[in-house]
Structures are given as C-alpha cells and as structure tokens.
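Report on the structure given below.
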Amino acid sequence: MVRIESDHVTGVKMQARPIARCLVAAYLLAGLAVPAAAWMRGGPLGQPQVLVIAGLALAGAVALALLLAMMRDARPVVFFGVFFGLVVLPHFLAFGLFAQYLPQAATPAPAAMIAAEVTADTPLQVTDLTRGILDARRALLSIYADGSQYLETIYDGEAQARLRFLAEYQNQPPPLATLSGHSGVLSQEPGHVSFHAVEGRRLLKVTAADRGVLERRLLDSRQPAAAPSPPVETVAVAVAPAPALPLLPLLAGVLAYTVFVAWTFLRLSAWAATHAPAPDIPVLPASALRQRLLQLAGEDLPFTLKPGERPDELIAEWRHADATWLDLMRAHRLRRLLRFRLRLDEARAEVRVREFHAAFDASAGHGGAGLRYQASWGISFFERHTEGVLGLQMHNGRPTRDPACVWRFDIEEMRRPLVALVTDAGWRWRPVMLDRL
C-alpha cells in the first residue's frame, strides 16, 4: 500500500503558512496606505488611480485570505501572492515614487481673486460652439451665475441669418415683440423666459428665469461681441504640467520587467508544486522507482500507469469522464482526460512532471452537429468538482436504464499517491511548465 503523505511533507507545507500570512497583511496594509498617502498629499480620495490601486491591494488580501483558509498547503498561496504583487507593483511605484508624472489635483486660487473677477453680469463660462452650428462664422454661449444663458451666432450675411431664424419656426414665426430695443419672439412660462431675435448677421437667443434678467442680458448684447474668454474657474486654477517620461528607457524597462515576471512565474509555480523527500530517506535507483510506479496499476486507483516513449518516461492517465447519452433528439459524447508525463532524472534524483488536460465534446442530431476540443498544459494547485449529464445513457452502443451519468473529479486522488511513492523513494517530485525547466 502507498502511504498518502509523510510527516516531512506535511511540515514543509506548514512552513509556508507564516509567509502567506505576511503576504495577506502586506496587501491589506498597502490597500490602506494608498488612500492615506493620497490624503496626506491633499488630493481627493476619489481619484481613479487611488481607487484602482487600493482596490487591487484589498481584493488581493481578501483572495489570499480565502485561499489560505481553504488550502492545507500554503505554498500556492505564496505563489499567487508574489506573482500578483509583481503584476501590481508598477502601479504602486507610479503612485509612490513617480507621483510627479501622474495627473495632479487642481489647486483653487484664493477666494479674493475669484470674488474680484466674478460679478452678476460676468459670465461664469463662455463656450465656443462654432463647430457645432452649421454655416456659423462664430457662435458663443455665455452662462451666468443666475442661470441665464446668452447665445450669439454670427453668419456670413444677413440673408443667411434670416433664413436660420425662420427655419426655427418653419417659415411662420409668431408675432414679434420689442424688448430692450430688440425685436424678436418672446416666450414666457412660469420660471422661464426666452427671447429669439435676428439682427443683421447676428442671431440671438437668450433664456432666463424672469423677464428682468432677460432684459439685462439684451442690454449687454448691444456691446460688440468679445472673443471667448476662459471660464473663471479655469483662470483661478493652477495645474502643474506633468513632465514627460522618456519613451525608449520606459519601453526597455517594461520589456525587461515583463521577461522577469514571466521567468518568476515559471520558477515560482514549479516551487509551489514541488515535493521534496525527507533528508534521511535513501535514494533508490531509477529502475527500482520505475518498477514501484508500474506496480501501482494493481492498486485500487482511478488512473492507469504505462511506459512512455522513452526509457526514462512513464505516463499516468485518468479518464475521469466518458459518457454517451441521448436527449431531445440529439446524441452526445463527452470525454475528460488528465495525464501526467513522468520523466525520471536519476542524476538529480528528480521526477519531472508535465501536466496535460484534454476535453472533448461532440453532439449530432436535429439542428446539425457540433464538435469542441480543448487541450492545455500547466500546473494545477487544486481542482475538485462534480459534474453530470441527464438523458438516456448509452454503453457499448446500447441504451442502459440509467437516467443520468455523474462523475466526481479530485486531482489529488491521482497526484497524492504518486507524490507519496516518489518521495518515499528519496526522489523529488517537480512539476514543470516547459521541458527545460
């Protein structure tokens, strides 16, 4: 019989838990430090960069804490924590060390300056709408503190301005009224008054809350139109320009950091899934370990073991799902495969394991046929699920009485006995992403 797990392996797994707890605490502190740093700088806490960086750190802390509570082996938690930290580290550097390159919050001017510039007849904002009005030579919209608005549109000729005025009323304008020396269309409603007039090349449109304010705006319109001035809040705001980052060094740094993160991912994932033997266990020859592995075929295990294409290679396979069924005038076929390719490196006393997953789904019947195949290589730290299908089950081409097919998959049922046998032989179990690692 195969011993499931040695005390040495259990001890190695438990040693990683303090590191995992430190990572959870580091993510939590980072998530709280970002808003605190933004507050100390005097900037608003609602800035997008503050929310994104703090959210990433706090989400990482929650995810790592949940994984640590679910998993007995804390090394995968360390792997996820370090790798995710490398991904978000540039964001923290940009926020902390290179804050001068980030958009800074606007600093308002002294209240005395604003009070000196803003009066009842000074527009709070003047917007140039020339590009948004057809055939207009110039169009300026002025907005005042009392909510009134004054739009002046200038065209190339009087005839063109007149046509635009008549088009507002489908060539049938209502009776004209005279207001503050201007002749135009006056509309009055409770809490809202508007006046629309054409004067030479100018087309005027004024809106206000009452008639008195509207007349005051029309009196101001007798003065020549001024060029659009920036809003008062823009004049009273000082924004420091951000220095430009050098492009070539930045691209070189990003490329080098990406290569480093990819290398770290491959190395750290292999470390998190590696199982080493106890120091006092003698190392068996490769032939003896190979024989022990092949003897697992006689055990009550859900997978099979067979020699590979090379003398130092073994293949462990588990077809954990294989179903054929009929439902709604369609035939279905489903297969799931997990394969471990084991290569014995006697010089290092190491079993290098490459993991392979495959999924095959096919269906045919009313409405046509469908086929889907997926294959992937990688390192699975944990995977456990239960699945099933409903329908008339088929076996060897014949229907059965089973109304459903249900299967359960736990990758540890295949990996645990193999790891225990390898480590009991004094060898190291080492999953790899690539053959050369």
Please compute P(r) over all alpha-carbon pairs of segment 286-431, binned at 5 Å starting from zero, and give each bin as a whole-number percent.
2, 8, 17, 18, 16, 12, 10, 8, 5, 3, 1, 0
Starting from segment 338-437, pick out the GluC sites (Glu not before Pro) whose DSSP state is loop and whose Cβ has at most 10 other Cβ atoms within 10 Å.
none
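May I ask you to list the chymotrypsin sites (Phe, Trp or Tyr not before Pro) in segment 118-218 that are in a DSSP loop and have at most 15 other Cβ atoms within 10 Å of their Cβ?
Passing sites in segment 118-218 are Tyr169.
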How big is the Cα convex hull of segment 119-231 in projection, averaged over all directions, in nm²?
7.0 nm²
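What is the order of His91, His385, fewest Cβ neighbours within 10 Å to most?
Working: His91 15, His385 9.
In order of increasing Cβ crowding within 10 Å: His385, His91.
For Leu86 and Ala362, what does the FRET efficiency come to when R0 = 25 Å and r is the distance between their Cβ atoms, rounded to the nearest 0.05?
E(calc), rounded to 0.05, equals 0.05.
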What ranking do Met40, Met433 get, fewest neighbouring Cβ atoms within 10 angstrom at the top?
Met40, Met433
Within segment 131-219, GluC sites (Glu not before Pro) in DSSP loop having at most 15 other beta-carbon neighbours inside 10 Å:
Glu168
Percent of beta bridges antiparallel (DSSP, segment 286-431, rounded to nearest 5):
95 percent
What full-extension length gain, to one decimal in nm, is calculated for Met329 and Glu313 as 0.36 nm per residue of separation minus the Cα-Cα distance?
1.3 nm
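Any read-out appearing in this document is the output of simple, stated calculations on the displayed coordinates, not a laboratory observation. Given the structure is predicted, the values throughout are model-derived calculations rather than measurements. Quick reminder, even Gly has a Cβ in these numbers, built from the backbone with ideal geometry, and neighbours come from all protein chains shown.
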